[in-house]
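Q: Pasting a structure below so you can have a look.
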Amino acid sequence: MTENANKRPHPQSATILESAMAAMTNFASPALFDVTIICTTDDFQAAYWMDRLSSGICKKSESSTDAAYPMVLAVSEDWASSSGAGNGLGTLYAFQKACRVAKDKYGVDLASELMEEKVSAALYHTAGKGTRLAPLPASENNNKPGVKLPVTHTLTSGAKEPITVLEAVVRQTGIYASSRLGRLSVFWGDQIFVPTAPFQYTPTHHVDIMCTLEGEGDEPPTEKEWTERGLDKYGVIAVAKGESGDAAQVEKVDHPTAVRMLKNLGDIGRVGPSLGSFSVSAKVLEALCDEFKEELTAKDGKLDTDPHFWMPLTLPQEEYISLMSQKGVAEDESRTHHIRMTKMKESFLAANPELGLFGAVDVGSDACWWDYGQLKLYIANNLKLAENGADADLLRRFFGVTSRVMDSEVEGVTIDESSCVFACKAKSGSVGAHSAMAAVQAEEIQIGDDAIVVNCAAKKIVAGKGAVLYNLVIESEEGIVAEDGDVIVSVTDVDGKSMLLRSKIDVCGGQAWKKVLDGNTVSFEDVHKQNRDADITVIEQKRKELYKKASDSFNL
């Protein structure tokens with residue numbers, strides 16, 4: 001689901017893409033949801049994001065006449081089970097918790113405002129360990145959405161700082177706000193995309209899910225096309241032919257199985273992989289909260305949207321049971337759950353027939369897509385900043401990059417014309433090809449090809465080919481030295497003490513989570529445990545003080 005770097009979209013798609021990009025890069029008057037809800041891991045993260053977004057990306061404009069909006073509500077998922085609520089129950093729980101915060105902090109009845117279609121709301125899921133992105137989340141003290149990118153944005157103070165993944169996602173997804181009054185939109189906190197299908201639309205279903213529908217008109221893929229597109233490897237949304245636009249979801253099945261499972265739709269039109277992000281009307285949101293009231297009150301159970309909400313709501317019972325059996329779920333359990341969801345669906349549609357139940361929102365089969373949820377993708381998509389091609393051009397434009405070197409004092413440094421250097425200071429050295437740096441201060445830098453350096457300060461910084469250096473503050477004479485493919489981050493605690501954590505660019509953090517890698521004294525899991533309930537606001541201030549103290553000592 002990534003665009004070829006040199007692929008140019010269809011002319012009509014290009015017009016839509018241009019419109020989307022213009023809206024996303026309108027920094028003076030950004031497109032935002034009226035209410036931004038962040039679901040975090042703990043209360044310290046919730047406090048951090050309420051403050052950071054309210055004073056930054058989601059800050060009220062000086063010309064705003066609305067005292068309440070835009071509003072930021074950040075809540076923690078304090079679920080009873082250590083395995084979490086799942087993104088289904090987690091969405092419902094976070095919304096209910098956000099409603100209480102809105103009432104207590106601002107005197108706003110968010111549920112009523114949404115039901116009366118007075119506001120749009122978006123919820124961003126950011127909780128989780130971020131194992132596949134390790135060790136970067138460890139350096140942010142488990143604040144996974146706070147992982148920085150090697151490109152800066154301007155704070156309200158006028159300072160230039162690296163933008164975080166979540167801030168980029170909030171800015172990108174705001175283009176859907178104007179179409180979603182009276183709806184809760186749900187997004188993942190580590191994916192950015194630029195649609196090539198219309199992003200302004202009139203919702204026709206109580207639930208609509210984002211997907212990349214392929215093909216023209218209403219012609220479904222053949223069995224050969226299904227296999228060639230790899231649709232048997234994804235959660236797939238299928239849309240019925242005709243005006244209803246009714247849709248259903250299947251997951252990782254071959255073409256004959258999909259056709260059989262989707263027979264209740266009638267003739268299938270277009271299909272495509274699901275992005276997972278969705279929006280729900282206030283009415284169906286209320287119905288789901290009522291249906292799962294017992295679980296939400298007890299903070300018990302784990303239900304995800306795809307297997308536990310959308311598939312039982314859109315698939316026949318026997319097909320649902322068959323699909324869930326592939327996941328190891330017992331037939332009786334699946335049957336009982338399907339009966340429960342069917343009863344809710346029938347009751348809900350009888351009372352709310354004005355919209356269909358489940359539909360699709362196409363983002364375009366040639367949409368641009370940048371995922372930062374894994375270390376290898378973080379590296380690949382950040383290095384796109386230094387590439388050529390349509391995709392790279394759009395990425396730079398999205399981040400407001402108008403020159404490969406911006407807001408920097410690097411006159412004595414030889415910088416390859418392909419590399420990107422933002423808000424950096426250095427007196428001497430060189431930067432190799434296709435590298436990306438942001439908020440780096442050093443007397444001397446020697447940066448190899450394909451390296452990424454973010455928020456680092458040292459007298460001398462040496463980064464080998466493909467190295468990733470992150471949040472490092474070193475005052476020693478030798479500075480920072482990284483070999484080819486090294487990943488080195490710093491983990492700071494509330495007392496301002498720091499430790500280095502190492503990995504390699506080809507190491508999957510999920511697979512190495514419990515291992516003590518070379519150069520470390522603890523595993524990624526150990527650091528995650530040590531970082532639990534860390535006051536990240538205090539730690540970030542400590543980190544900034546250490547950075548300033550170090551950089552002020554350099555002869556810059």
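Q: Taking interchain pairs and intrachain pairs at least six residues apart, which have beta carbon atoms under 7 angstrom, with the first residue in region 302-317 and of a type in the set (G, A, S) and the second at pLDDT 95 or above and buried (at least 24 other Cβ atoms within 10 Å of the Cβ)?
A: none
Q: Further question on the same structure: Return the pair list, or none, for Cβ contacts closer than 6 Å from residues in region 177-206 that are of a type in the set (D, E) to residues that are open to solvent by less than 10 Å² (accessible area, probe 1.4 Å), at least 6 apart or on different chains.
A: Sorted first by the residue in region 177-206, then by its partner, the pairs are D190/V165; D190/Y372.
Q: Just wondering, is there one or more residues in region 33-43 that are modelled with pLDDT under 90 and of a type outside the set (S, T, Y)?
A: From region 33-43, those modelled with pLDDT under 90 are none; that's our starting set.
No, the conditions are met nowhere in region 33-43.
Q: Now for a separate question. Go through (1) surrounded by 15 or more Cβ atoms within 10 Å (Cβ to Cβ); (2) in contact (Cβ under 8 Å) with a residue 40 or more places away in the chain and name the single condition R532 misses.
A: Single failed check for R532: (1).
Q: Separate question: Looking only at residues in region 235-256 that are farther than 17 Å from P312 by Cβ and surrounded by fewer than 19 Cβ atoms within 10 Å (Cβ to Cβ), which one is modelled with the highest pLDDT?
A: Here is the first cut: in region 235-256, the ones farther than 17 Å from P312 by Cβ are 239-245, 254-256.
After this cut, where a residue has to be surrounded by fewer than 19 Cβ atoms within 10 Å (Cβ to Cβ) as well, the list is 241-245, 254-256.
Working: K241: 85, G242: 82, E243: 84, S244: 87, G245: 90, D254: 85, H255: 85, P256: 86.
Step by step, filter region 235-256, then rank; the result is G245.
Q: Residues in region 76-86 that are at negative phi and either small (G, A, S) or surrounded by 22 or more Cβ atoms within 10 Å (Cβ to Cβ) (or both): how many?
A: Our first condition is that a residue be at negative phi; within region 76-86, this holds for 76-83, 85.
Add one more test, that the residue is either small (G, A, S) or surrounded by 22 or more Cβ atoms within 10 Å (Cβ to Cβ) (or both), and what stays is 76, 80-83, 85.
Here the count works out to 6.
Q: Where in region 435-518 are there strands (runs of 3 or more DSSP E), lying wholly inside it, with at least 2 residues that are open to solvent by 10 Å² or more (accessible area, probe 1.4 Å) and touching a Phe, Trp or Tyr at 6+ places or on another chain (Cβ under 8 Å)?
A: Details: elements: 436-447, 452-458, 460-463, 468-470, 480-482, 486-492, 498-504.
Output list reads 436-447.
Q: If you don't mind, another one. Output the residue which, of all residues in region 273-301 that are more than 16 Å from K343 (Cα to Cα) and without any contact (Cβ under 8 Å) to a residue 24 or more places away in the chain, is most open to solvent (accessible area, probe 1.4 Å).
A: Filtering first and then ranking leaves E294.
Q: Okay, moving on. Strands (runs of 3 or more DSSP E) wholly in region 97-196 with at least 1 residues that are surrounded by fewer than 24 Cβ atoms within 10 Å (Cβ to Cβ) and more than 15 Å from the chain's Cα centre (by Cα) - which ones? First the steps, then the outcome.
A: On the way: elements: 121-125, 148-154, 160-164, 183-188, 191-194.
Passing ranges, in order: 148-154, 160-164.
Q: Contact list please: Cβ distance under 9 Å, first residue in region 332-355 and free of Cβ contacts under 8 Å to residues at least 40 places away in the same chain, second residue exposed (fewer than 15 other Cβ atoms within 10 Å of the Cβ) and among the small types (G, A, S), pairs at least six apart or on different chains.
A: S334/S325
Q: Of the conditions (1) open to solvent by 10 Å² or more (accessible area, probe 1.4 Å); (2) not in a loop (DSSP other than H, G, I, E, B), I539 satisfies every one except a single condition; which number is it?
A: Unmet for I539, out of (1) open to solvent by 10 Å² or more (accessible area, probe 1.4 Å); (2) not in a loop (DSSP other than H, G, I, E, B): (1).
The values are calculated or read from the model by the stated rules, or taken from the named source; none is laboratory data. Every value quoted in this text rests on a predicted model; they were computed, and no experiment measured them. No Cβ is skipped: glycine too gets one built from the backbone with ideal geometry, and neighbour counts run over all protein chains shown. In case anyone asks, the SASA skips ligands and DNA or RNA and just uses the protein heavy atoms, side chains included. Shrake-Rupley method; radii C 1.70, N 1.55, O 1.52, S 1.80 Å.
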